1. Hand me the GluC sites (Glu not before Pro) from region 155-196 located in a DSSP loop with no more than 11 other Cβ atoms within 10 Å, in residue order please.
2. Which trypsin sites (Lys or Arg not before Pro) does region 160-265 hold that lie in a coil by DSSP with at most 15 other beta carbons within 10 Å?
3. Are any of the pairs K575/K601; K502/K606; K443/K575; K168/K351 more than 26 Å apart by Cα-Cα distance, and if so, which?
4. Enumerate the calculated ³J(HN,Hα) couplings along region 51-57 in order (Karplus 6.51 cos²θ - 1.76 cosθ + 1.60, θ = phi - 60°), each rounded to whole Hz, writing x wherever the residue is Gly or Pro.
5. What's the exposure ranking of Y455, Y544, going from fewest to most Cβ atoms within 10 Å?
6. Divide the volume of the convex hull of the Cα atoms of region 150-328 by its number of residues and quote the answer in cubic angstrom per residue.
7. Extension gain K252-K606, at 0.36 nm per residue separation less the Cα-Cα distance, in nm?
8. As an exercise, use a Förster radius of 35 Å and the Cβ-Cβ distance of V312 and A519 to find the FRET efficiency, rounded to the nearest 0.05.
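What follows draws every value from the coordinates through simple rules; no lab data is involved. Treat the numbers as computed from the prediction; the structure is a model and nothing was measured. All Cβ positions, even for glycine, are placed from backbone atoms using ideal geometry, and neighbour counts span all protein chains on display.
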Amino acid sequence: MRNFTKNFAWAIVALIAIALVFSFLNSTGTPTRTISLNDLAAKITNGQIKDIKVSGDAINVTLTDDSKAVAKKEDGSSLTETFRNLGVEPNALQQVNFEVASESGIQFWAGILVPTLLPILLIGFIFWIMFRQARTGANQAFSFGRSGIKLGGLGKEKYTFADVAGLKEAKEELIEIVDFLKTPQKFLDLGAKIPRGVLMVGPPGSGKTLLARAVAGEAGVPFFHISASEFVEMFVGVGASRTRDAFQTAKKAAPAILFIDEIDAVGRQRGTGMGGGNDEREQTLNQILVEMDGFERDTQLIVLAATNRPDVLDPALLRPGRFDRHVVLDLPDINDREAILKIHARGKPLKEGVDLRRIAVRTPGFSGADLANLINEAAILTARQNKKEIELQELFNAVEKVILGPERRSRFISQKEREITAYHEGGHALVAASVIGADPVHKISIVSRGMAGGYTMKLPLEDRHLRTKTQFLADIAMALGGFVSEELTFGDVSTGASNDLKEATALARKLVTRYGMSALGPLTFGKDEMHPFLGREISGDKDYSEDTARRIDQEVRAFIDRANVVAHKVLTSNKKALKVLAAALMEKETLEQEEFNEILKPFKIKPVAI
Ligand code: ADP
Ligand code: MG
Ligand code: ZN
């Protein structure tokens with residue numbers, strides 16, 4: 001539509017230009033007066049006329065005083081006759097220099113054609129514009145069936161494995177693919193089949209897209225990128241044809257990589273009947289299966305697909321000859337985090353002596369994308385303070401910004417609320433400092449951020465893959481620390497603890513139903529898996545009796561009660577320390593690990609077992 005208005009405006013401009021040109025052509029330059037034929041005849045008789053030029057209907061007159069005038073001839077009559085009729089003496093007429101200019105051919109034709117042709121041309125022009133509009137519109141409609149596949153990689157930004165930090169196992173698996181693409185003959189000679197599909201599994205931001213690009217970059221082949229959700233947008237019934245088109249385009253360019261992002265958008269198990277557009281998804285999925293099966297033995301197109309939900313994929317997608325290779329991308333551990341930070345700090349001025357390891361320590365659970373975002377935030381914070389180099393403080397602030405959203409210092413908090421928050425966070429921290437098995441406190445703050453009123457950051461000493469029952473129980477006790485502290489100090493509790501309680505309860509339930517850590521013994525209850533990537537439960541079948549359900553509830557309650565007792569014990573026996581801690585928090589708002597340890601030192605807190 002914008003196109004149309006633009007063309008229309010151009011047409012108007014063109015018209016005005018044409019009109020201007022013609023008005024210039026018609027004007028003779030100097031303004032001349034017009035006289036009637038009678039007048040002219042009288043002037044001839046009086047001998048006032050020097051010469052007369054006739055061209056067409058126009059009579060251009062030059063008077064004896066050299067002034068000019070024009071008159072108009074009668075149609076179809078001879079000029080001399082006209083003058084005679086008007087009573088001009090023949091010898092007076094002879095004094096005048098007569099000249100009849102025959103109209104030039106161009107002028108003559110222009111006189112006839114311009115008035116007739118111009119409107120026709122104009123109308124034609126307008127029609128042409130309208131047709132053009134209609135045609136592009138139609139083209140757009142027809143192209144909906146096309147894949148809208150994007151070519152990236154070659155020519156554009158080229159990534160290699162050097163741009164991908166960590167992910168060692170994933171890279172090792174994919175090096176094989178790079179080899180296939182570089183020297184296919186080596187494998188074909190041995191009768192080996194070239195792999196077709198590789199499924200990359202990992203949480204959002206773990207670098208799936210990046211790694212796929214890097215494979216193309218390493219092999220030096222074109223990289224085609226399409227998101228599965230694009231297959232099924234806009235119109236019903238285009239998913240299958242888009243799929244076909246995407247594969248065709250990529251196959252033509254082989255050796256190449258075709259990357260299908262978010263394949264779970266179409267690759268969900270068929271026949272589950274969840275959500276609308278099910279048929280559309282199924283057709284698209286079927287088409288993908290057909291395309292994957294239609295590869296020649298030596299087709300050098302490798303399809304990489306990415307998902308964070310491998311469990312929902314249709315088993316047919318995962319069968320041999322389709323996406324039979326799986327590459328798992330985990331969240332980075334501390335060393336990888338440091339490496340990723342280093343990659344993204346390239347080209348950004350870090351202050352001398354800034355140790356990115358210290359940032360890596362504080363960012364367990366961050367994905368590669370989070371870390372890239374963190375460095376960027378730090379650069380923005382630095383620029384906002386008109387500094388030239390990124391310092392450690394900006395990086396620390398960026399960590400918190402990424403975790404918790406921007407600081408909200410401006411939110412008004414009453415003195416009472418600050419006091420409650422200080423005792424609440426102090427409670428968490430004190431329990432963490434006393435209970436054996438708890439992670440050390442890195443930072444306490446009562447500055448509200450995002451949705452949290454305040455926070456206590458505890459971090460494991462090293463990235464751990466295994467956790468013990470003692471550690472879990474310490475976690476639960478620490479989670480209850482805020483609640484218990486409020487209760488002991490004010491004799492009342494606030495809503496600030498609700499999230500803590502939710503977490504504590506969920507953890508206690510997991511000890512019973514997942515980890516076999518309760519009196520119910522080494523069994524799991526319920527089929528609902530804790531989702532490895534989404535980090536939340538998907539409800540599933542209840543595979544235990546009502547009686548067991550009651551006993552699970554009892555066990556969960558027992559864990560919470562036990563943690564509650566320990567938290568009470570710690571906080572009642574360290575009332576003085578809690579008070580000093582809360583006061584320090586109200587004064588400084590934020591305490592770093594060293595400051596926290598310094599405050600607690602004089603109290604010689606006794607470790608408590610849980
Ligand atoms: P995904 O596709 O898994 O959601 P992306 O590949 O889009 O994640 O990653 C997003 C961004 O995060 C990348 O563009 C890159 O800047 C950064 N990133 C993620 N993982 C890594 C890594 N291992 N090394 C370097 N940068 C990474
Ligand atoms: Mg991605
Ligand atoms: Zn809390």
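1. Those satisfying the criteria are E157.
2. When the trypsin sites (Lys or Arg not before Pro) of region 160-265 are filtered for loop state and at most 15 Cβ neighbours within 10 Å, K193 remain.
3. Details: K575/K601 15 Å; K502/K606 28 Å; K443/K575 21 Å; K168/K351 30 Å.
Long pairs (Cα-Cα over 26 Å): K502/K606; K168/K351.
4. 8, 10, 10, 10, 9, x, 8
5. Result, fewest neighbours first: Y544, Y455.
6. Measuring per residue, one finds 112 Å³ for the Cα hull of region 150-328.
7. The K252-K606 span can extend by a further 120.3 nm.
8. In this case the efficiency is close to 0.50.
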